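Presented below is the structure to which this report refers.
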Amino acid sequence: MTSEEQKLKPKDESIKINDKNLDNKDHENENENENEMPLINYRKISNLSDSTINYFVISITLFINSATELDWFKLKENVNFSLSYFLFAGVCLYIVGILNWYEGKELLFLFDFIFAFYFLSFFFCNNLYFVNIPEKSDNNNDKLQAIFYILFFAFLLIIGLSAKTKGIVYVVDYAVLFLGFVFLFAYKYFGNKWIRYVYSYVFIVAAALLWITGILKLINNGLVKSIAFLDPTD
């Protein structure tokens, strides 16, 4: 063994020892990270604007509207109850929509806002304390409402297309609502009573879907892993 090799050998051994020490430290750090528990283990809980309030409110209102058109539960005899709930639903959705806008959820804000506008418009246009429409103008009034519903289902179409990256449940909800308002437009424009039955039953289906969506979101909030067809959420 030459003198140069003797001089290099201690250095090589020291390098190996240092490498071993580094590997041991890295291994110890990995074990510590595995055993280390987070100080706060939390799951994001939906607050008011991200809750199921809007789904339940819209669901109940659509059901009341359809039940009134189909003359269920004698709701036509108790118009004040139906109109009062429309007023409550409109105000509630406006509040929830403002919170969604504040949190940057523009799509959900638009969804809440247009339904709030629809429910409040329905309340003011059908409340005799605010309007008094002569019987001769009923046909013209229906034509104006038909134009309004064209704009309404156009908004729903835009929301539905924008929600294609969301969970499949929300896309189905928007599609059924869009279909319901298309039939509502046709009823207001053509005045066929059979179309009234069709749009009423479509709204009942939409109300059931929105109610189920609200329940699923409540369940999803308490789960460690999100429900697949709700994710990504709205």
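The values are calculated or read from the model by the stated rules, or taken from the named source; none is laboratory data. Just so you know, these numbers come straight off a predicted model, no measurement behind them. Virtual Cβ from ideal backbone geometry, glycine too; neighbours counted across all protein chains shown. Side chains included, ligands, DNA and RNA excluded: accessible areas come from the protein's heavy atoms. Shrake-Rupley method; radii C 1.70, N 1.55, O 1.52, S 1.80 Å.
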Candidate cut points under chymotrypsin sites (Phe, Trp or Tyr not before Pro) in the range 143-234, DSSP loop plus at most 16 other Cβ atoms within 10 Å of their own Cβ, are none
Whole-Hz Karplus couplings 3J(HN,Hα) for the range 182-187, θ = phi - 60° and coefficients 6.51, -1.76, 1.60, Gly and Pro as x, run 5, 5, 5, 4, 4, 5
Heavy-atom accessible area of the range 54-206 with neighbours in place, 1.4 angstrom probe: carbon+sulfur share in percent works out to 69
Within the range 150-234, DSSP-loop trypsin sites (Lys or Arg not before Pro) with at most 15 other C-beta atoms within 10 Å are 225
Sequence order, the range 194-206: Karplus ³J(HN,Hα) from phi using 6.51 cos²θ - 1.76 cosθ + 1.60, θ = phi - 60°, Hz rounded, Gly and Pro as x, gives 5, 5, 4, 5, 5, 5, 5, 6, 5, 5, 5, 4, 4
Of the listed pairs 74/188; 74/143; 105/217; 164/188, those with alpha carbons more than 20 Å apart are 74/188; 74/143; 164/188
